[in-house]
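Worksheet: the structure to be examined is printed underneath.
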Amino acid sequence: FFALINVVFDNMPEQYDRHFPTRDDLRHELIKRAGFYNEYTDLKGKKQFRAESMSFDNMSQKRFEELYDRVLDVVVKWFAFDREILESEIMQFAD
């Protein structure tokens, strides 16, 4: 998963640099966009969204695989990456 984040961060269009200054910012946004978030109301009564934890204690292998696949979908949609090329880059990055 972190290879995916690194590949996307290093290759995302420059227009997103100001939106995601760190890999963590990007990771949290992708997780939320994939639909894996917890909702809460802040002290001002405004609805907020926090990316779900990916820790082994909080997420089963099946749920993690679903998250990974849906994050790939989000990346392809929002950053116009080719999924096959992206998956190939991830495999090379992970080696």
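Assorted remarks:
- Checked against (1) among the hydrophobic types (A, V, I, L, M, F, W, C); (2) out of contact with any helix residue (DSSP H, G or I) (no Cβ under 9 Å at 6 or more places or on another chain); (3) surrounded by fewer than 14 Cβ atoms within 10 Å (Cβ to Cβ), Phe64 passes all but condition (3).
- Of the residues screened, Phe9 is one that is touching a Lys or Arg at 6+ places or on another chain (Cβ under 8 Å) and surrounded by 16 or more Cβ atoms within 10 Å (Cβ to Cβ).
- Within the range 59-90, the set of residues being in a loop (DSSP other than H, G, I, E, B), at negative phi and not charged (D, E, K, R) comprises Met59, Ser60, Phe81.
- The set of residues in the range 1-33 that are closer than 21 Å to Glu87 by Cα, more than 12 Å from the chain's Cα centre (by Cα) and outside any helix (DSSP H, G or I) comprises Met12, Pro13.
- When residues of the range 68-90 are limited to those that are open to solvent by less than 90 Å² (accessible area, probe 1.4 Å) and of a type in the set (Asp, Glu), the one farthest from Pro13 (Cα to Cα): Asp69
- Residue selected from the range 34-58 under the condition open to solvent by 100 Å² or more (accessible area, probe 1.4 Å) and in a strand (DSSP E or B), by the criterion farthest from Ile5 (Cα to Cα): Lys47
- Conditions (1) open to solvent by less than 50 Å² (accessible area, probe 1.4 Å); (2) part of a helix (DSSP H, G or I); (3) modelled with pLDDT under 95; (4) aromatic (Phe, Trp, Tyr): number failed by Phe93: (1)
The values are calculated or read from the model by the stated rules, or taken from the named source; none is laboratory data. Bear in mind that the values here come from a model prediction, so they are computed numbers and not experimental data. For neighbour counting, all protein chains shown are included, and Cβ atoms are generated from backbone atoms with ideal geometry for every residue, glycine included. Heads up: the accessible areas ignore ligands, DNA and RNA and are worked out on the full protein's heavy atoms, side chains in. Shrake-Rupley method; radii C 1.70, N 1.55, O 1.52, S 1.80 Å.
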